[in-house]
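A.B. asks: Submitted below is the structure of interest, expressed as structure tokens.
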Amino acid sequence: MTSFQAVPGQAAPPDAVHPRDSSPQAPTSVSRLNETIRDFVQRWNAVWVEGEITAWNLRGGHVFGRLKDTGSDAMFSFRLWSSTLQRTPDGVGVGDRVVACVKSDYFVKTGDFTFTVSAIRRTGLGDQLERLERLRAQLRAEGLFDPARKRPLPFLPRLIGLVTGERSDAEKDVHRNAERRWPHVRFRTVHAAVQGDRCVPETIAALQRLDADPEVDVIVIARGGGDPQSLLGFSDERLIRAVAAASTPVVSAIGHENDHPLLDDVADVRASTPTDAARRVVPDVAEQRALVQQLRARARTRLTHRIGHDLAQLDQLRSRPVLRDPSSMLTPRAHELFLLTSRGRELVSRRMDAAMRTTAELRASLRALSPGATLERGYAIAHVADGVIVRDAAQAPSGAEVVVTVARGSFATRSEGEIAESAGADPADGRVGAQA
């Protein structure tokens, strides 16, 4: 049984619990014991203390955090009321080394011991934060945080790999919210320590095991938040490089919105909570059904509008006079065709008549100029043996063989020589002196 022990040189509170005031038959109450502790604690004076902030949570305008010793693992909880927070320099937060004026406080209702900060000032970066910032800068320079190397998540993964603590709330949140969004989702869960010395090696082993599984399409590393001290394993360089080397897309769901381990920077997708990870990994079946219905409605509307537009155009075409009464267009065209045909016939007839007249004239001219016509009138053509036409009597001396061509045939004769005009016949009569 815990009892009040008086501090030497200090009087006990009037209502303090003494060993003689309690027994198994007459135990003291919890509230009386807590009030005794509170009265005792409140007598301690405020002290200035130096340390590193490892937790800084803002709730209802007040800050609830933890201050860690700079040379050991000792730490305590503190609270910063809103009135004091307004006087606190901007930028104070997790990882800062500070000097704070604190006074002990004990809550009777919950039995929690904490320190209330009345003044605080920043003296620099804490060793832990400084190491993390150096590592962050190194990894960023190597390109491990480059957005270009981040891989997109599959629309609907066949199998989701989950790395989380055994029987943790994070595992329940991921499963519950993912199955709520897509009831047939499948998980392959590998449990690992999510804080402490076993956190990094077990998480790396689970990651590599799931990454080697060909059925796993995406890997979620989840933890339900916590103070920065407990999340240090997810900023370990070994784990960061293992995630960067993984061939499967990795989703980081380590803490709450204000938690930011290095794993968030190297992961392909950073989720603010395990619930948010489930939302990012699988689609919402209700949303997808609504989207399908919306797309179907849009397609139906577009198709209806298109058919209506085509029907309106068809009605407009059918209402045109040329389609309503096709003969109205054919009749004038037929009359025009008849006129053109008649005109063509007339022009062809005229051309034929003119050509026939021209042919007759040419035939008459040909006949008039033809040697045959001249021969028909009784003329003859005489030529010697070598075929030379006789145009001069001297060409057919006496005794020369002469061939005479008349209108109907030719005959041979022998020349008796040139005769005088008085002795011979008139050349116009077509007779010549010759001996057959």
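No value in this document is a laboratory result; all are computed from the given coordinates. Computed from a predicted structure; not experimentally measured. As a convention, Cβ positions derive from the backbone with ideal geometry for all residues, glycine included, and neighbour counts pool all protein chains shown.
A.B. asks: Order of 156-166, 295-305 by packing, highest average Cβ count within 10 Å first?
C.D. replies: 156-166, 295-305
A.B. asks: A further question follows. Under 8 Å for C-alpha pairs, at least 6 residues apart: give me the relative contact order for the range 44-125, rounded to a whole percent.
C.D. replies: About 32 percent, as a whole number.
A.B. asks: So, R0 is 56 Å and r is the distance between the beta-carbons of residue 398 and residue 336; what FRET efficiency does that work out to, to 0.05?
C.D. replies: Efficiency computed from Cβ-Cβ geometry: 0.10.
A.B. asks: Report the gain in length on full extension from residue 419 to residue 158: 0.36 nm times residue separation, minus Cα-Cα distance, nm rounded to one decimal.
C.D. replies: 80.4 nm
A.B. asks: Got a sec? How would 234, 76, 115 order by Cβ neighbour count within 10 Å, fewest to most?
C.D. replies: So the ranking, lowest neighbour count to highest, is 76, 115, 234.
A.B. asks: So how do 101, 199 line up by other beta-carbon neighbours within 10 Å, fewest first? Don't skip to the end; give the middle numbers.
C.D. replies: On the way: 101 16, 199 21.
By the 10 Å Cβ count, ascending: 101, 199.
A.B. asks: Taking the Cβ of residue 373 as the center, what net charge do the other residues with Cβ under 15 Å away carry, scoring Lys and Arg +1 and Asp and Glu -1?
C.D. replies: With Lys, Arg at +1 and Asp, Glu at -1, the net is +3.
A.B. asks: Tell me the angle of helix 127-141 to the major Cα principal axis of the chain, expressed in degrees between 0 and 90 and rounded to the nearest ten.
C.D. replies: Its long axis makes an angle of about 10 degrees.
A.B. asks: What is the fewest-to-most order of 106, 379 by other Cβ atoms lying within 10 Å of their Cβ?
C.D. replies: 379, 106
A.B. asks: Sequence neighbours fewer than 8 away in the same chain don't count; with that in mind, list the lysines whose C-alpha is under 28 Å from residue 172.
C.D. replies: Straight-line reach from residue 172, under 28 Å: 150.
A.B. asks: May I pose another question? Under a 10 Å cutoff between Cα atoms, tell me which one of 408, 333, 223 has the largest fluctuation in the Gaussian network model of the chain.
C.D. replies: Comparing 408, 333, 223 in the GNM, the peak value goes to 408.
A.B. asks: Using a Gaussian network model on the chain with a 10 Å cutoff between Cα atoms, which of 61, 224, 409 fluctuates the most?
C.D. replies: Per the Cα network of the chain with a 10 Å cutoff, 409 tops the list.
A.B. asks: Now for a different question. For residue 29 and residue 195, what is the calculated FRET efficiency with R₀ set at 35 Å and r taken between the beta-carbons, to the nearest 0.05?
C.D. replies: 0.45
A.B. asks: Measure off 7 Å from each Cα along the Cα-to-Cβ vector at residue 168 and residue 361, then give the distance between these two points in nanometres to one decimal.
C.D. replies: 11.9 nm
A.B. asks: What is the antiparallel percent of DSSP beta bridges lying wholly in the range 44-125, to the nearest 5?
C.D. replies: 95 percent
A.B. asks: Only Cα pairs within less than 10 Å get springs; with that Gaussian network setup on the chain, which residue of 399, 111, 93 has the largest fluctuation?
C.D. replies: Result for the chain, Cα springs under 10 Å: 399 fluctuates most.
A.B. asks: Suppose each label sits 7 Å from its Cα in the direction of the beta carbon; what would the residue 45-residue 391 distance come out to in nanometres?
C.D. replies: Computed distance between label sites residue 45 and residue 391 equals 16.6 nm.
A.B. asks: How far is helix 327-369 tilted off the main Cα axis of the chain, in degrees rounded to 10, range 0 to 90?
C.D. replies: For 327-369 against the chain, the angle is about 30 degrees.
A.B. asks: Take each of the peptides 272-284, 204-216, average the number of other beta-carbon atoms within 10 Å over its residues, and list them starting from the highest.
C.D. replies: In descending order of packing, they fall as 272-284, 204-216.
A.B. asks: Would you mind pulling out the separation of the Cα centroids of the range 389-412 and the range 329-386, in Å?
C.D. replies: A separation of 38 Å, based on Cα centres.
A.B. asks: Restricting to Cα pairs below 8 Å that are 6+ residues apart, what does the relative contact order work out to for the chain? Please round to a whole percent.
C.D. replies: 8 percent
A.B. asks: Return the lysines within reach of residue 103: Cα separation strictly under 27 angstrom, same-chain partners fewer than 8 residues apart disregarded; answer none if there are no such residues.
C.D. replies: 68
A.B. asks: Which percent, nearest 5, of DSSP beta bridges in the chain are antiparallel?
C.D. replies: Given both bridge residues lie in the chain, the antiparallel proportion sits at roughly 70 percent.
A.B. asks: Charges only on Cβ, +1 for Lys and Arg, -1 for Asp and Glu: so what's the dipole of the chain about the Cα centre, in debye to the nearest 20?
C.D. replies: 1620 debye
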